Amino acid sequence: MFAPCRAAPGTGVSPALEPLATLDPAAFDTGLSPENARACWSTALACASMADLSRPLPGSPPGAVAIIASANVFTAPLEWAYQLAGRGVKVYLKASSAQRASAAAIGRIEGVEVGHWRGGDVAAEKAALARVDAAIVLGAEATIDAIRARSATPVVGLGPMFGVAAWTGDAHAHARDAALYDGRGCMSPAAILGRAVDLDALAGAMAEAERRWPRGRVSAEEASEIRRLASLARATGTWREGPGWGLARLPLSRLEPRGLPRVLCVYEGDDDEVAAALGPWRTQVGTVAGPVPGNYPRARRCNPGQMQAPPGDRRLHDGIDVMEALWTRSS
Amino acid sequence: MSARDALRARVLQAIETRVAPEALFLDAYRYQQAASPLLARLWTAEARGIEDIPAVPVALFKDLDLGPVPPLPGDVLFRTSGTTGSARGVHRSRDTLLYDLGAVAHYREMVRAGPARVVSICPVDADSSLGHMVALFGPVEAYFDGAVSAGAWAALQAPCLLATTAFALDALFATEGAATLDARSVVMVTGGFKGRHARLDAPALYEAIPARLGSPRVVGEYGMTELSSQSWTAPVAAGELPGAFVAPPWMRVYAADPHTGRAVEGEGVLRFVDLCNLDSVLAIETQDLGRVERRDEGDRVTLLGRLEGAELRGCSLRAERLRVQA
């Protein structure tokens, strides 16, 4: 059994985040459709609002923390910016140039300052890190490693992760998880696992999710990868598609995290087979929905439909107590 | 005579006459549909024209064995270099007859050169199709062992076909040496930089040829492991930039919208329909962008870039970018 996550609240945004709640994220140029961007934004605000800002932490608080977000979904820095600022820590947020608008929105939180420098601009990065006691770096492992190597500032790195879900029969819950962020987020389901998966129900739910939260921009490379996946699924399993979505059933031996926009991959197998197939990636599984067999030490467990709604009061993110790490490392 | 042998005879005739009717492509499609259970699952529709033949994404060669059924011990395997991804793609055929005759015929047509001494500085493995191809043009002296090797400049003191990738030519020019080749020699440049660091961009690389190699003719070659036919540019004088690639008549080329996958006029992701792929997959979708002009004597292709390097807009990365835990 797993401890279910608290349901994401539909209302109840923290007063500190209310200025953000009045913004329309459709203007953030996230690549998502306006409907999807709004759904992601409101969910992220509600989840961040759940953070317990009075939770005792060991050590002493850092005076200032930099959040460097390179290749992430546009809401990724939100919960850290909110929690740190809410505890009186000065926050310097650096997001990629593609996320200037959403970073500026997060900069509306009191105590958060937004800065920009070109990726790879080592001098600017060094100057920024010299101002802080610690940094949270969200992005590729190579980016995290490079920043760690270049700086004496303590770094909490949150690298690439992916989500998996057990087939529970609730096709709409799975489709919702796949729809938010168009399936590109680290909490998105890269795989639906189990037995007797109802592809018709999933296809219907994917189509309905597309109507509610239309898919956004798809790059040429992603479109090419989708054609590759479709061919692979046709050759070795089943491929279903509609306007703006795809559904692949593949042999479990083909399991790999893909993160393609609005494409859901189904792999059927017994518990032992599923656990074995996921084994090579067990430390990269960051979100597990439903009773997926196997041990995933860094994963948050939740119910299907809540993969994209991590409650802000959870202690661990990717297996790391980020706040505790910041407090102890900067002591 | 088997269906394969009958079709092969017609492809050989197409190579010889440089005329490949559309009906031959469609017959080859129907043959592969019937011969391969895998392709039968991918190709469920009738094709009324060449562009109706569903193009298989080139990356699928990393996922599946798309060679003839059943695999036999004598089959020929060409493998991709693996420089653009972690897995190596495999292209399997019964033999190389069509590959060899097609490659030599189009090389001679385009380059107007007979057998030559080949100096190769291509970084090729033993199972590379590029290595196989250059060996068809003459005896090969190879000067690459992880880097351009020391004897390369000495080997270039006599007339030859210098077979090189753009990257290797750049590496050669980074070493001390010079040659004074004349127009009897040919510099064959294949492949781009594919994201690898290079000192020179393409125009500067070609402009440097007269100072370093003399006045050989220069040609560009476009090929890939998953295709059995190659496209060549017309030769140009040293110092000039080669122009558009010309495909042989037995390999049709068209562009497709990279987002929708539908055939388009002019620019798009390149698709090749290669009769010499009779044993594997007739129609391939590459990850190269280009502009195509339809010509009976051979479609003309101008390369515009690659699909790779698109922005990743999420924190979930694909398998090859994740660290796999043992």
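Points worth noting:
- Per atom type, the range B:99-243 shows carbon and sulfur on 56% of its accessible surface, probed at 1.4 Å.
- Relative to its residue count, the range B:112-155 spans a Cα convex hull of 73 Å³ per residue.
- The base-10 log of I(q)/I(0) for chain A, evaluated at q = 0.13 Å⁻¹, reads -0.96 [Debye formula, identical scatterers on Cα atoms, solvent excluded].
- Shape category assigned to the range A:266-330 from the gyration tensor of Cα positions, a/c cut at 1.5: oblate
- Here the gap between residue A:238 and residue A:145, fully extended at 0.36 nm per residue and compared with their Cα-Cα distance, gives a gain of 29.6 nm.
- Gain upon complete extension [residue A:123, residue A:329; 0.36 nm per residue less C-alpha separation]: 71.8 nm
- Applying the criteria of a DSSP loop state and at most 11 other Cβ atoms within 10 Å to the GluC sites (Glu not before Pro) of the range B:79-179 yields B:176.
- Across peptide B:57-68, the mean count of Cβ atoms from other chains lying within 10 Å of each residue's own Cβ comes to 3.
- Distance histogram for the range B:1-84 (every C-alpha pair counted, 5 angstrom bins, percent rounded to whole numbers): 3, 11, 19, 21, 22, 16, 7, 1, 0
- Efficiency of FRET between residue A:320 and residue A:212 - r from beta-carbon atoms, R0 35 angstrom, step 0.05: 0.55
- B versus A: buried accessible surface, summed, Å² (probe 1.4 Å, to nearest 100): 3600 Å²
- Cα gyration tensor shape for the range B:1-147, rounded if a/c is under 1.5, else prolate or oblate: oblate
- Applying D = kT/(6 pi eta Rh) to the range A:249-290, where Rh is the Kirkwood radius over alpha-carbon pairs, T corresponds to 4 °C and eta to 1.567 mPa s, the Stokes-Einstein value obtained is 115 µm²/s.
- Between residue A:54 and residue A:24, the FRET efficiency from the beta-carbon distance, with R0 = 45 Å, is close to 0.90.
- Computed as a quarter of the hull surface, the mean projected area of the alpha carbon convex hull for the protein assembly as shown stands at 30.8 nm².
- Taking a point 7 Å from the Cα of residue B:52 along the Cα-to-Cβ direction, none of the residues of the range A:206-247 has its backbone N closer than 19 Å to it.
- Mean Cβ count within 10 Å, highest first, over the residues of peptides A:283-291, B:181-189, A:15-23: A:283-291, B:181-189, A:15-23
- Distance between the 7 Å Cα→Cβ label points at residue B:240 and residue A:108: 6.1 nm.
- Positive-end residue, the protein assembly as shown charge dipole about Cα centroid, Cβ charges, pick of B:255, A:247, A:287: A:287
- Inter-chain Cβ neighbour average for residues A:255-262, partner chain, 10 Å: 4
- Overall dimensions of chain B by Cα: Rg and Dmax, Å: 19.8, 58
- Considering only the protein assembly as shown, percent of DSSP beta bridges that pair antiparallel, nearest 5: 40 percent
- Between the C-alpha center of the range B:262-286 and that of the range A:79-107 there is a gap of 47 Å.
- Dimensions of the range A:137-268 along the principal axes, based on C-alpha atoms and rounded to the nearest Å, stand at 54, 32, 29, largest first.
- Taking trypsin sites (Lys or Arg not before Pro) across the range B:21-90, the ones in a DSSP loop with at most 13 further Cβ atoms lying within 10 angstrom of their Cβ are B:48.
- Förster radius 22 Å - calculated FRET efficiency between residue B:215 and residue B:95 (Cβ-Cβ, nearest 0.05): 0.05
- Per residue of A:148-161, other chain Cβ atoms within 10 Å of the residue Cβ number 1 on average.
- Inter-label distance for residue B:264 and residue A:273, nm, one decimal - labels placed 7 Å from Cα along Cα-to-Cβ: 4.1 nm
- Global geometry of the range B:99-243, whether rounded, prolate or oblate, following the gyration tensor of its Cα atoms and the 1.5 cut on a/c: rounded
The values are calculated or read from the model by the stated rules, or taken from the named source; none is laboratory data. A quick note: this is a predicted structure, and the numbers were derived from the prediction, not measured. Glycine gets a Cβ as well: all are built from the backbone with ideal geometry, and neighbour counts include every protein chain shown. Only protein heavy atoms, including side chains, enter the accessible area calculation; ligands, DNA and RNA are left aside. Shrake-Rupley method; radii C 1.70, N 1.55, O 1.52, S 1.80 Å.
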